[in-house]
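All remarks here apply to the structure that follows.
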Amino acid sequence: MALSDWLSAFRPPPLHVLSNPAPHNAIPYNNMQNNIVEPSSLPPLPQPGPFEHWVLEQPVLPAAVLLFIALATLFALRHTKHFKRVGIPVAIVAILCGVGVYLLGSMTITDREHLQLRSHDLVQAVAESNPSTLRSMLDDDARLASVFASAQGADRIVTLATTRNSGVVRSAEVGQVNAGLYGPQVATTQIRVRTQGDMFPTLSWWRVDWTRPSETSDAWVVTHIEPIWVQGFSDPGPSN
């Protein structure tokens, strides 16, 4: 090898390569260097507003804060002349608000929570090779895209998922589901799946795109499925 060729190996890449941003759905490079270790971050999804997140989805924390305010008010004013006129009314209002927040959040299922439940059902339908349940969750033109297998159309996906060799996947556990809505009728979930069976790998993250017929419907159906990260594979997504 000529000296000039050897030195060229240490030259930095062109500026346009360094400045070219990664695709919006790509996993950051530092998380892809080791495809055995689970990535610490995933492509970002749209997040709900503060009210939906903290009141409707996570009501325990704000309810606990309101209860703390009630107790702190009673404690701070317990030996003052304002205890009965200010302390008790403020504490009562805070407690009632806390109870109201908790009940509202407990009784409300948001779109993101519906999607998380549907994602669990989807994984179980595949793991149990349940064709009727799986077919009901797929859009007619749903697409599966990966380096392992690809299929276009709900019937082909069902056939592919339910005709695998027995023992390849005996069970599947959903560890975490991230959900984000891009519009009233379009959403994406990221599903962490751990499988038990004869196959390797056992841990993976999957991106699933969803749609529904109307804004008030809970009948979310799958339009696209592809892997984000699969243990042991550097690029498990579709090749094209």
Next item on the list: Just grab the label-to-label distance for residue 109 and residue 159, each label 7 Å out from Cα along the Cβ direction, in nm (one decimal).
Entry: 3.3 nm
Notebook entry, point to check: If the viscosity is 1.002 mPa s and the temperature 20 °C, what Stokes-Einstein diffusion coefficient in µm²/s follows for the range 59-212 when Rh is the Kirkwood radius over Cα pairs?
Noted result: 113 µm²/s
Item checked: Rounded if a/c under 1.5, otherwise prolate or oblate - the range 50-107, Cα gyration tensor axes -> prolate
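Only the coordinates and a few stated rules stand behind these numbers; no lab work does. Everything numeric in this text was worked out from a predicted model, so none of it was measured. Neighbour counts run over all protein chains shown; Cβ positions are idealised from the backbone, glycine included.
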